[in-house]
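What follows is a short report on a single structure.
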Amino acid sequence: MKNREGTGNKSQFQEAALGGGCFWCIEAFFLRLKGIHKVISGYAGGNPSFDGKKPTYEEVCSGKTGHAEVVKVEYDPGVVSYQDLLNVFFAMHDPTTLNRQGSDTGTQYRSIILYGNENQKKEAEKFIGNLEKEKIFENPIVTEIKPLKEFHPAEEYHQKYFENNALRPYCQINISPKIAKLRGKFQDLLKD
């Protein structure tokens, strides 16, 4: 990827919403990329009957709300592209397991892309089509693609979880090895 100058202009930022397992992991990856202005862990993609109501972590974990754990990423497309975000997203989780990432199971852990506009939708569909055509994964990709209707930030203790809890066993076992993988695979996209 060529080195791009950032705009530094907040009005130029774009948003992406992605979920692939526990939001603590996904958040930790995106916080390390150049061009990322903000990453917020939260809940999206819930049942229509839950529209307008802010779910709690416990409600989401129950599976009754239909929400997924996702991150909303605010990024500078002059530095990091939506394609770059998709590359990292698909390399850092298993998009072939339905409602599961590692030992985390439940609908809240499903692989999901919530698009904010038609361009993002088309780009995500094309990206997945290329992965399937190239047979990058042994099993079929089950990543859900749907419009982002509502995003609810998660409780404060979930925000920047890895940064604040890196020595906890879950972080050491599940997130630290993936951060090492990220560094090895996407060095050119990482902040200094």
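Read-outs throughout are calculated quantities, based only on the coordinates presented, and are distinct from any laboratory measurement. Predicted model, so just to flag it, every value in this text is computed and none were measured. Note that we place each Cβ from the backbone using ideal geometry, even for glycine, and neighbour counts take in every protein chain shown.
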> In the Gaussian network model of the chain, springs joining C-alpha atoms below 10 Å, which of Pro77, Pro177, Pro153 carries the largest mean-square fluctuation?
Replying inline: Pro177
> If contacts are Cα pairs under 8 angstrom and at least 6 residues apart, what is the relative contact order of the chain in percent?
Replying inline: 31
> If you wrap the range 61-192's Cα atoms in a convex hull and average its projection over all directions, what's the area in nm²?
Replying inline: 9.3
>> What percentages make up the Cα-Cα pair-distance distribution of the range 119-170 when the bins are 10 Å wide from 0?
In response: 18, 27, 25, 29, 0
> If we sort 58-71, 92-105, 161-174 on the protection proxy, mean other Cβ atoms within 10 Å, highest first, what's the order?
Replying inline: 58-71, 92-105, 161-174
> Residues with beta-carbon under 14 Å from that of Glu156, excluding Glu156: net charge, scoring Lys, Arg +1 and Asp, Glu -1?
Replying inline: -1
> Just for the chain, what percent of DSSP beta bridges are antiparallel, to the closest 5?
Replying inline: 85
> Which whole-number percent of Cα pairs in the range 43-136 have a distance greater than 22 Å?
Replying inline: 37
>> Take the residue pairs Lys64/Lys122; Lys72/Lys135; Lys54/Lys160; Lys64/Lys160; Lys149/Lys185; Lys34/Lys185 and return only those whose Cα atoms are more than 23 Å apart.
In response: Lys64/Lys122; Lys72/Lys135; Lys64/Lys160; Lys149/Lys185
> So for the chain, taking the charge dipole from beta-carbon charges (+1 Lys/Arg, -1 Asp/Glu), which of Tyr109, Gly45, His93 sits furthest toward the positive end?
Replying inline: His93
>> Within 10 Å, Cβ to Cβ, of Gln14, how many net charges do the neighbouring residues add up to if Lys/Arg are +1 and Asp/Glu are -1?
In response: -3
